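Reviewing the structure listed below.
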Amino acid sequence: KLMYGTAFRAPSFIEQYATGNPIALGNPALAPEKIQTFEGSFTWQARHDLQTTLSLFRHRISDLIGQSGMTYLNTGRQNGSGGEFELVWDATTAVRLIGHYAYRKNIDQTTKHDAGFAPHHHLYARADWRFAAGWAVSGQLNYVADRNRPFGDTRPQIPDYTSVDFTLRTDQAKHGWDFSASIRNAFDADIREPSKLSSGITFDLPMPRRSFWLQARYSL
């Protein structure tokens with residue numbers, strides 16, 4: 001497959017009309033952020049139980065909205081590229097393995113440095129096992145690595161992380177009750193999403209630590 005797409009992000013109300021913040025004033029003349037994406041994808045059904053997909057992509061972002069002095073302006077441009085490899089394998093009639101690895105880089109065209117925030121490496125793996133009639137257990141691993149700070153942000157690099165989740169669920173018919181129990185972030189990793197330096201949140205945004213979920217659902 002060859003794919004092309006365009007999209008936009010309209011300015012927020014605060015970016016256009018904020019007046020009470022002495023360090024970030026709105027600008028009614030802001031234009032939307034725009035992106036163009038180009039992607040090529042190749043899928044190979046290697047066997048009846050094994051499918052692989054390789055995707056390569058590029059994107060161009062223009063009119064990025066950011067602060068220049070005390071005012072929001074359309075000042076930024078980014079170019080990015082990367083690829084992703086996916087695999088789906090039905091190892092047995094009861095076990096399915098799914099995974100993908102993605103690499104990407106984004107370059108800020110103003111500074112000619114990495115744009116920051118987005119990970120260069122992302123690995124995801126999942127296993128589903130129907131171990132008994134009406135019951136299934138699954139586990140998934142999410143590994144995120146190599147997230148840089150934007151140019152000029154001197155804080156230490158954002159830590160890599162690995163999260164692991166487990167779920168036990170019933171696999172019932174279309175009608176009636178089904179139940180599930182999950183442990184998310186089972187090994188209690190300290191996961192943080194990057195914050196902007198201007199936000200005043202120095203140590204980034206903490207994500208949930210180990211948590212437990214129970215769910216019951218009834219289908220008519």
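The values are calculated or read from the model by the stated rules, or taken from the named source; none is laboratory data. These numbers were taken from a predicted model, which means no experiment stands behind them. Reconstructed Cβ throughout: ideal geometry from the backbone, glycine too, with neighbour counts over all protein chains shown. In case anyone asks, the SASA skips ligands and DNA or RNA and just uses the protein heavy atoms, side chains included. Shrake-Rupley method; radii C 1.70, N 1.55, O 1.52, S 1.80 Å.
How many residues, within segment 13-58, are touching a Pro at 6+ places or on another chain (Cβ under 7 Å) and open to solvent by 60 Å² or more (accessible area, probe 1.4 Å)? Steps first, answer last, please.
Filtering segment 13-58 down to residues touching a Pro at 6+ places or on another chain (Cβ under 7 Å) leaves 16-17, 30, 32.
Next, only the ones that are open to solvent by 60 Å² or more (accessible area, probe 1.4 Å) stay: 17.
Qualifying residue count, segment 13-58: 1.
When Asp178 is tested against the conditions (1) in contact with an Asp or Glu (Cβ under 8 Å, 6 or more places away or on another chain); (2) free of Cβ contacts under 8 Å to residues at least 40 places away in the same chain; (3) surrounded by 15 or more Cβ atoms within 10 Å (Cβ to Cβ), the lone failure is (2). Residue check: is Thr154 out of contact with any Asp or Glu (no Cβ under 8 Å at 6 or more places or on another chain), within 30 Å of Ala24 (Cα to Cα), without any contact (Cβ under 8 Å) to a residue 60 or more places away in the chain and among the polar types (S, T, N, Q)? Criteria met by Thr154. In segment 94-123, the residues that are closer than 21 Å to Pro194 by Cα reach residues that are among the polar types (S, T, N, Q) with C-beta atoms within less than 6 angstrom, at least six apart or across chains, in these pairs: Asn106/Gln78; Ile107/Asn79; Asp108/Gln78; Asp114/Asn148; Ala115/Gln78; Ala115/Asn106; Gly116/Asn148; Ala118/Asn106. Just one of (1) under 23 Å from Leu30 (Cα atoms); (2) in contact with a Leu (Cβ under 9 Å, 6 or more places away or on another chain); (3) surrounded by 14 or more Cβ atoms within 10 Å (Cβ to Cβ); (4) among the hydroxyl-bearing types (Ser, Thr, Tyr) fails for Tyr101. It is (1). Residues that are of a type in the set (D, E, K, R) and assigned to a strand (DSSP E or B) were ranked within segment 137-174; the one that is least open to solvent (accessible area, probe 1.4 Å) is Arg147. Any idea which residue in segment 180-220 is farthest from the chain's Cα centre (by Cα), counting only those that are among the hydrophobic types (A, V, I, L, M, F, W, C) and assigned to a strand (DSSP E or B)? Here the residue is Ala216.
Assess whether Trp177 counts as being assigned to a strand (DSSP E or B) and modelled with pLDDT under 95.
In short, yes.
Against the condition closer than 24 Å to Ala125 by Cβ and in contact with a His (Cβ under 7 Å, 6 or more places away or on another chain), how does Ala102 come out, does it pass? Taking the combined requirement at face value, the residue satisfies it.
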